[in-house]
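A.B. asks: Input: one structure, supplied below.
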Amino acid sequence: MAVQTKLPHSFIPTRTFINARVKWVRDPYLDFAVEREKNLKQAISFKDQIISDPSKSLPLSLASLLKPRLDLNITSSKFFNKYPSFFSIFQPSPGLPPRVKLTRQALSIHTEEFSIHTSQTHRYDAVQRLTRLLMLTKSSRLPIYVIEKLKWDMGLPHNFISSLVINFPDYFQVCEIENPNGGKDLALELISWRKELALSELEKRALNEGKSTKHIGFPMFFPKGFDLVKKINDWVEKWQLLPYISPYENGFHLSPNSDQAEKWTVAVLHELLWLMVSKKTDRDNLFWLGEYLGFGSLMIKKALVHHPGIFYLSNKIRTQTVVLRECYRKDFLLEKHPLMGIRYRYIHLLNKVPNPKIMHKPAIALDSTRH
């Protein structure tokens, strides 16, 4: 099905970035914002598997099979024992293999999380953000395995196809696309272009302030002690004055070595990170998306390296995480999505030392929490 594509812009491609190294300076506050979520994603993945079982528990032998997929550096049993306020290992009866279930506190938070995912407000918000993600791509579609990599950062339910996408047939359809190996991949495709959503966060701000959207500059924030070399700072100031091409418009024709192409690339990455509930994602996710967004990993690397006042690259938790600086003050997320409030409560529970008198009480299994 043909979907309206982005409208092209025409600018004379020029490249003026000076040959100087932009230094990386550690930001301890943003590093902490990343590091405090260590093991959270894995814990929630286990939680979702436990909840999806009718018994609201899993055999330890089955849970151990999930270790490679979750990139754990310890065994599943050690992981569960590390967080006794979140997980509880038990033996159903003598002679039966041990199983793992959630504690009462974890089940309670999950129930609230489930109510958010099923609320009309959140479902509409998730559909809009997923629609915008597809609108950022060249063909308004993405392989489902790529969306799977982003679903945590996007705040999508773990079974988003069956619990969300299928209920919006006027927005999405599942199709087949050819992969680089000549095979076929399942993909999610936009049914039709949503003109009312083709406005970036920066464009909306400019309009709300009664300003023009033609020459939008990016908000920049630098860590304490960071100073750009004067010639780089001069270049950035001139670069900020270049025309702003919306990430929902076509910039694919621009010379990849031009300043204008770099500003469009930054606009796309800025909007993409804004679609994430935590305003950050793994750098590898951006590389995975690059092919479908219209530029390769080299352009993404240049955009991240040249603009440390817009993006911060954290090396914490055994990966590289790209953070949208303007969304944080120190380690505090300024606009907190309801799911982030839930995640912070999960983090608190993971770090909580249980009371020995109550830690062995059985967890409550709630059928209404299955999703």
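The values are calculated or read from the model by the stated rules, or taken from the named source; none is laboratory data. Here the structure is a predicted model, which is why all the values come from computation and not from measurement. Cβ: placed from backbone, ideal geometry, glycine included. Neighbour counts: every protein chain shown. In case anyone asks, the SASA skips ligands and DNA or RNA and just uses the protein heavy atoms, side chains included. Shrake-Rupley method; radii C 1.70, N 1.55, O 1.52, S 1.80 Å.
A.B. asks: Sum up the lysine pairs in segment 167-274 that clear both bars: alpha-carbon distance under 21 Å and a spacing of 8 or more or different chains.
C.D. replies: 13
A.B. asks: Sort 145, 124 by accessible area with a 1.4 Å probe, largest first.
C.D. replies: Per-residue accessible area, sorted high to low, gives 124, 145.
A.B. asks: What is the spin-label model distance, in nm, from residue 287 to residue 214 if the labels are put 7 Å beyond Cα along the C-beta direction?
C.D. replies: 4.0
A.B. asks: Still on this structure, please answer the following. Please arrange 215, 158 by accessible surface area, largest first, computed with a 1.4 Å probe and ligands excluded.
C.D. replies: Values: 215 115, 158 55 Å².
Ranked list, largest accessible area first: 215, 158.
A.B. asks: Nearest 5 is fine: what % of DSSP beta bridges in the chain come out antiparallel, could you say?
C.D. replies: Roughly 95 percent of the DSSP beta bridges within the chain come out antiparallel.
A.B. asks: Now for a separate question. Residue 87's amide H: which non-local residues (gap 5+, or another chain) put their own amide H closer than 5 Å, with H modeled 1.01 Å from N in plane and none for Pro or chain starts?
C.D. replies: Excluding prolines and chain starts, which carry no amide H, the hits are 103.
A.B. asks: Still on this structure, I have one more. Any chance you could check the Cα centroid distance between segment 118-136 and segment 282-298 for me, in angstrom?
C.D. replies: Taking the Cα centre of segment 282-298 as reference, the centre of segment 118-136 is 21 Å away.
A.B. asks: Pick out which of 351, 208, 167 has the largest mean-square fluctuation in a Gaussian network model of the chain, springs linking Cα atoms closer than 10 Å.
C.D. replies: 208
A.B. asks: Right, here's the next one. At a probe radius of 1.4 Å, what is the per-residue accessible area of residue 259, in Å² to the nearest 10?
C.D. replies: Answer for residue 259: close to 10 Å² accessible.
A.B. asks: Would you rank 249, 203, 178, 35 by solvent-accessible area, highest first, keeping every protein chain in place and using a 1.4 Å probe?
C.D. replies: 178, 35, 249, 203
A.B. asks: Where does the chain land at 222 nm, in deg cm²/dmol rounded to the nearest 500, when only DSSP H runs of n ≥ 4 count, each adding -39500 (n - 2.57), divided by all residues?
C.D. replies: -12000 deg cm²/dmol
A.B. asks: I've got another one for you. Length gain on complete extension for the stretch residue 96 to residue 118, per 0.36 nm per residue less the alpha carbon to alpha carbon distance? Each step should come with its number before you reach the end.
C.D. replies: Details: separation 22, 0.36 × 22 = 7.92 nm, distance 3.58 nm.
In short, 4.3 nm is gained.
A.B. asks: Sticking with this one: What's the ranking of 92-98, 131-137 by average number of surrounding C-beta atoms within 10 Å, highest first?
C.D. replies: The most tightly packed comes first, giving 131-137, 92-98.
A.B. asks: Moving on to the next point. Net charge near residue 221: determine it from the other residues with C-beta under 10 Å of the C-beta of residue 221, scoring Lys and Arg +1 and Asp and Glu -1.
C.D. replies: It works out to a net charge of 0.
A.B. asks: Per-residue accessible area for residue 264 at 1.4 Å probe radius, Å² rounded to 10?
C.D. replies: 10
A.B. asks: Sticking with this structure for a sec: Please turn the phi angles of segment 249-257 into ³J(HN,Hα) values with the Karplus equation 6.51 cos²θ - 1.76 cosθ + 1.60 (θ = phi - 60°), one per residue in order, whole Hz, x for glycine and proline.
C.D. replies: Ordered by residue, 3J(HN,Hα) equals 10, 8, x, 5, 7, 5, 4, x, 9 Hz.
A.B. asks: For residue 181 paired with residue 320, estimate the spin-label separation in nm (one decimal), with each label point 7 Å from Cα along the Cα-to-Cβ line.
C.D. replies: Between residue 181 and residue 320, the label points sit 2.6 nm apart.
A.B. asks: Cβ under 14 Å from residue 312's Cβ, residue 312 left aside: what net charge do those residues give with Lys, Arg +1 and Asp, Glu -1?
C.D. replies: So the environment of residue 312 carries a net charge of +4.
A.B. asks: Pick out, in residue order, every one of the GluC sites (Glu not before Pro) in segment 252-346 that is DSSP loop and has at most 16 other C-beta atoms within 10 Å; say none if there are none.
C.D. replies: Sparse-neighbourhood loop GluC sites (Glu not before Pro): 335.
A.B. asks: Lys pairs in segment 60-180, Cα-Cα under 22 Å, at least 8 apart or on separate chains: how many?
C.D. replies: Lysine pairs satisfying the spacing and distance rule in segment 60-180 number 9.
A.B. asks: Take the Cβ-Cβ distance between residue 41 and residue 61 as r, set R0 to 22 Å, and report the resulting FRET efficiency rounded to the nearest 0.05.
C.D. replies: Calculated transfer efficiency: 0.45.
A.B. asks: Additional query: Which of these values of Rg/Rh (Cα atoms, Kirkwood Rh) was calculated from the structure shown: (1) 0.94; (2) 1.00; (3) 1.26?
C.D. replies: Label (2) holds the value from this structure.
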